[in-house]
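Okay, structure first, notes after.
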Amino acid sequence: MNDLALRLFNFGVKVLQLLKKIKYSEVNKVIINQLTKSSTSSGANYEESQAASSKADFINKVNISLKEMRESNYWLRMIKAVEIAPLEETNFLINESEELKKILGKIVSKSKLK
């Protein structure tokens, strides 16, 4: 597993750990479900990109990973705004998602240039 794959995996794990701390409600259920999907999907799509059948397939999978990370960042900011999870952990994950967005975006843009 390369460094980015491991970082994405760890991001997904940390998000799931954070979500377990959120009190259940109908409103929170939506946030939890959406963030569960996007935070784990980003890493899964990056993993798929590592076995891409073509350059176009690679770019597509990394681009999906980027989109899922953007969505994760959105839901984490929503959690922060409505104050339903520990602030320190939420801020850490917001910052991590922003860094991961930059890395994934750079991979997509550089791959398109080659």
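The residues Tyr74, Tyr46, Tyr24, when put in order of fewest to most other Cβ atoms within 10 Å, stand as Tyr24, Tyr74, Tyr46. With the simple spin-label model, which puts each label point 7 Å out from Cα in the Cβ direction, the Ala44 to Val30 separation comes to 2.3 nm. Quick one: helix 26-49 against the long Cα principal axis of the chain, what's the angle to the nearest 10°, folded into 0 to 90? The angle comes out at about 20 degrees. Sorting Thr90, Thr36 by the number of Cβ atoms found within 10 Å of their own Cβ, with the fewest placed first, yields Thr36, Thr90. The angle between the Cα long axis of helix 55-82 and the main principal axis of the chain comes to about 20°, on a 0 to 90 degree scale. Charge dipole (Cα centre; +1 on Lys/Arg Cβ, -1 on Asp/Glu Cβ; no other charges) of the chain amounts to roughly 300 debye.
Laboratory data are not the source of any read-out in this text; all were calculated from the coordinates shown. Model, not experiment: these values are computed from the prediction. Counting neighbours? That spans all protein chains shown, and the Cβs are built from the backbone with ideal geometry, glycine included.
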